[in-house]
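Structure first, commentary second.
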Amino acid sequence: MKSFVLRNRTLIQSSAGLLVIFVAAILLSPTDLRTDEVLFLKADNLTNMLRVSAPVAIIALGMTLVILTGGIDLSVGSTLAFCSVVAALGLSEWNLGIFAAILLAILAGGAVGLLNGSLIAWLKVQPFVITLASMIGVRGLTRWLSNNQNIQLRTAGEVAVRFFEFFSQKTVMIGLFVLLAAVFALLLSGTVFGRYVRALGDNAKASVYAGLPIKRVQIAVYTLTGLLAGLAGVLTCARTTTGNPNDGIAAELDVIAVVVIGGTSLAGGRGSIVGTVIGALIIAILVNILGLRNVGANEQLMLKAVIIVVAVVMQHQRTSS
Amino acid sequence: MQNIERYLSTLAVALLAAVSLVGCGSQEQAATKRLVVFSQCNNAEPYRASQNERFQELFSKHPDIKFVISDGQADASKQISQIENAILQKPDVLIVAPLERSALSGVMGEAMAAGIPTICLERDIAEPNYTTFVSCDNVEIGRLAGQFIVDYLTKKNGAAQGVFVEISGMQGVQAAKDRHDGAFEVLQQHPEIKVAHQATGNWFQAEAMARMEEALSANAEIDVVYAHNDPMAYGAYLAAKEQGRHEEIAFVGVDGLPHEGVKYVEDGILAATFEYPLCVDKAVELTVQLLADKEFTPEKTYILESRSILGKAD
């Protein structure tokens, strides 16, 4: 009961943060010179904002589970690039159909996750180390596979064009995120698997004694995250009409920031999908309003840092009180 | 509840900090000012930083123009999103230095459809979704470098002969391919010039140093090093200097930025560099014309000429 209250308190805090940022964005937004409309609130702008944040937000759903188990996955940025390149090659050089190319790309992401999870579970090496290694290795694999080239879809024939025209649509990219967020929220709070995930991060030793299938849970959360990174790679490929082996560099840090701002504790055990969705929205609004106001990229990084620290300080206060 | 209050007050402080930072980012647009947005693909490259600097310098002479730069941070998705933001603000002219040819075609088409005149800078895009394109010719720069190397060797060795090392930019980048192709178009006419070593420095000084060390170990004699940019030429020079072999080798670079390549040539480090024009002056000139005259239709493409920057000895 107590932990339920604590969890909700975190959610209330995150929601308050979201509200504050949202109101601030409206106040700070430039207006259209001709019509006096607030640019931030324009439907075009809000949907632009959600679409551009979709890939990171989608991966953050899986990362929430990983972090809840007390783990971390540093390989998601490399995996995103890997799957983007696989999808682009599938559609251009390998002449796969749209469905097969997407499936192959997402499964490639799942394979990276499966490898991560298996090594972590069976070798009992820290997740940080294993996924650091795969972050490096998968980036190399991606560059090797693409021969350091950007694989361009705009000139790769009719099938490729149909692919990116469909999957870069706002309704598709935002819709997929909403759908997956609902699925993962249900998975975490409505299933036995979800309880195992939390239990593992809350108290690993107790989970062992209680006979939980720890290895299977670990393998599952990393595989799910890999699959999501694969999907994010497919969407990035569609959005940029390019399979770029250098995509997603440092994306893992954006993903972790979203999860942390959403109130999930890096110590494991505490956090929620709703929180992660809120975290994704906070970052999305922040980036969007700074962009609309033409704040420089360097200042944006400093502000992101402030927001992350504020979020974590709040977590700390919560747990220590 | 106390916690929530504390949370909100901390947030308020953060927000204040944010507002002050944002405040210095931009001012309210005066209704009379014309808005020019420049979407730069990556501020963190010296060539591109020089472009930004030159833009600001030139536009500061036009008080009626509000000029803003957004930084794509070498990420195509980010640059697309920034151009989307720009379209919402309906600038009078949009200038884009694209990160990738394919990725930006769609969103630049949207800008054109919104009736915004767009200038494509230095690199074009897969479809002609721009009003005009200002660029320069890397193959021609390669030819200039190749000819310089032939002339240098002829002067040094009495004939067009000698040992040649090439350090390339990143594989798969058009500029690296063009700078190679242009130089080899000239060099291949002189079979006495021995291509002893070819390596990739990925545009980076540090990597060029490492590759040059290998080239030095493998070759007792080297006459000329041709690097696809000035930082790599400088890296090659540093590697040779460490072994006391820099006097016997001529280092040739490309880019010729004022406080980089030009300075290296002045200091006698590089024998020559070939300017890769910033393209900024022409873009500003076209912007001013587009703003002044609604009827003005620029050419579809402008190709700017390179300039040779040679050391005193030559």
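Results, tabulated for the structure shown:
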| quantity | calculated |
| --- | --- |
| Residue check for A:L266: within 30 Å of A:G157 (Cα to Cα), aliphatic (A, V, I, L, M) and away from every other protein chain (no Cβ under 14 Å) | no |
| Hits in segment A:208-229 (condition: over 12 Å from A:L115 (Cα atoms), buried (at least 20 other Cβ atoms within 10 Å of the Cβ) and small (G, A, S)) | A:A229 |
| Every residue from segment B:277-294 that is part of a helix (DSSP H, G or I) and under 24 Å from the mean Cα position of the chain (by Cα) | B:V280, B:D281, B:K282, B:A283, B:V284, B:E285, B:L286, B:T287, B:V288 |
| Counted residues, segment A:126-170 - those being polar (S, T, N, Q) and in a loop (DSSP other than H, G, I, E, B) | 8 |
| Qualifying positions in segment A:32-57 - surrounded by fewer than 23 Cβ atoms within 10 Å (Cβ to Cβ), of a type in the set (D, E, K, R) and either in contact (Cβ under 8 Å) with a residue 40 or more places away in the chain or farther than 19 Å from A:I21 by Cβ (or both) | A:D32, A:R34, A:D36, A:E37, A:D44 |
| Any hit, segment A:213-232, residues being at pLDDT 95 or above and within 14 Å of chain B (Cβ to nearest Cβ) | yes |
| Residue within segment B:54-72 that is at positive phi, hydrophobic (A, V, I, L, M, F, W, C) and either within 14 Å of chain A (Cβ to nearest Cβ) or not in a loop (DSSP other than H, G, I, E, B) (or both) present | no |
| Residue match in segment B:40-50 (condition: at the interface with chain A (Cβ under 10 Å from one of its Cβ atoms) and either at positive phi or out of contact with any helix residue (DSSP H, G or I) (no Cβ under 7 Å at 6 or more places or on another chain) (or both)) | yes |
| Considering residues of segment A:116-154 that are among the aromatic types (F, W, Y) and within 30 Å of A:G268 (Cα to Cα) only, the residue farthest from the chain's Cα centre (by Cα) | A:W122 |
| Strands (runs of 3 or more DSSP E) within segment B:103-174 that include 2 or more residues surrounded by fewer than 23 Cβ atoms within 10 Å (Cβ to Cβ) and away from every other protein chain (no Cβ under 14 Å) | B:132-136, B:162-168 |
| Scan of segment B:73-94 for residues that are of a type in the set (G, A, S) and at the interface with chain A (Cβ under 7 Å from one of its Cβ atoms), ordered by number | B:A76, B:S77, B:S81 |
| Test: A:V197 is β-branched (V, I, T), surrounded by 18 or more Cβ atoms within 10 Å (Cβ to Cβ) and within 25 Å of the chain's Cα centre (by Cα) | yes |
| Residues of segment A:1-27 that turn out to be modelled with pLDDT under 90 and touching a Phe, Trp or Tyr at 6+ places or on another chain (Cβ under 8 Å), as a count | 3 |
| Selected residue [more than 13 Å from the chain's Cα centre (by Cα), on the phi > 0 side of the Ramachandran plot and not hydrophobic (A, V, I, L, M, F, W, C)] from A:G296, A:G263 | A:G263 |
| Options A:F82, A:F40; residue that is over 18 Å from A:T131 (Cβ atoms) and outside any loop (DSSP other than H, G, I, E, B) | A:F40 |
| Of all residues making up segment B:175-197, the number that are out of contact with any helix residue (DSSP H, G or I) (no Cβ under 9 Å at 6 or more places or on another chain) and assigned to a strand (DSSP E or B) | 1 |
| Residue list for segment B:95-117, restricted to those being under 19 Å from the mean Cα position of the chain (by Cα) and either not assigned by TED's automatic domain parsing to the domain that holds B:N52 or not small (G, A, S) (or both) | B:I95, B:V96, B:P98, B:L99, B:E100, B:R101, B:L104 |
| Residue pairs meeting the criteria (Cβ under 6 Å; at least 6 apart or on separate chains; first at positive phi, in segment B:268-296; second among the β-branched types (V, I, T) and surrounded by 21 or more Cβ atoms within 10 Å (Cβ to Cβ)) | B:C279/B:V134 |
| Odd one out for B:S217, checked against (1) among the hydroxyl-bearing types (S, T, Y); (2) closer than 24 Å to B:T131 by Cβ; (3) loosely packed, with under 14 Cβ neighbours inside 10 Å | (2) |
| Residues of segment A:26-39 that turn out to be among the aliphatic types (A, V, I, L, M) and at the interface with another protein chain (Cβ under 10 Å from one of its Cβ atoms), as a count | 4 |
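Here's the yes/no breakdown for (1) farther than 14 Å from A:F82 by Cβ; (2) assigned to a helix (DSSP H, G or I):
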site: A:V208; (1), (2): yes, yes
site: A:G211; (1), (2): yes, no
site: A:A220; (1), (2): yes, yes
site: A:G230; (1), (2): no, yes
site: A:I256; (1), (2): yes, yes
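Every residue, every condition in (1) more than 10 Å from every other protein chain (Cβ to nearest Cβ); (2) at pLDDT 80 or above; (3) buried (at least 21 other Cβ atoms within 10 Å of the Cβ), yes or no:
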position	(1), (2), (3)
A:V277	yes, yes, yes
A:A280	yes, yes, yes
A:A284	yes, yes, yes
A:N288	no, yes, yes
A:A297	no, no, no
A:M302	no, yes, no
A:V306	no, yes, no
A:V310	no, yes, no
A:S321	no, no, no
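Let's see how each residue does on (1) surrounded by fewer than 16 Cβ atoms within 10 Å (Cβ to Cβ); (2) out of contact with any Gly (no Cβ under 9 Å at 6 or more places or on another chain):
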{"position": "A:F99", "(1), (2)": "yes, yes"}
{"position": "A:I102", "(1), (2)": "no, no"}
{"position": "A:A111", "(1), (2)": "no, no"}
{"position": "A:L115", "(1), (2)": "no, no"}
{"position": "A:S118", "(1), (2)": "no, yes"}
{"position": "A:M135", "(1), (2)": "no, no"}
{"position": "A:I151", "(1), (2)": "no, no"}
{"position": "A:V161", "(1), (2)": "yes, yes"}
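The values are calculated or read from the model by the stated rules, or taken from the named source; none is laboratory data. Remember, it's a predicted structure, so these values are computed and weren't measured experimentally. Because the Cβ atoms are built from the backbone with ideal geometry, glycine has one as well, and the counts that use them run over all protein chains shown.
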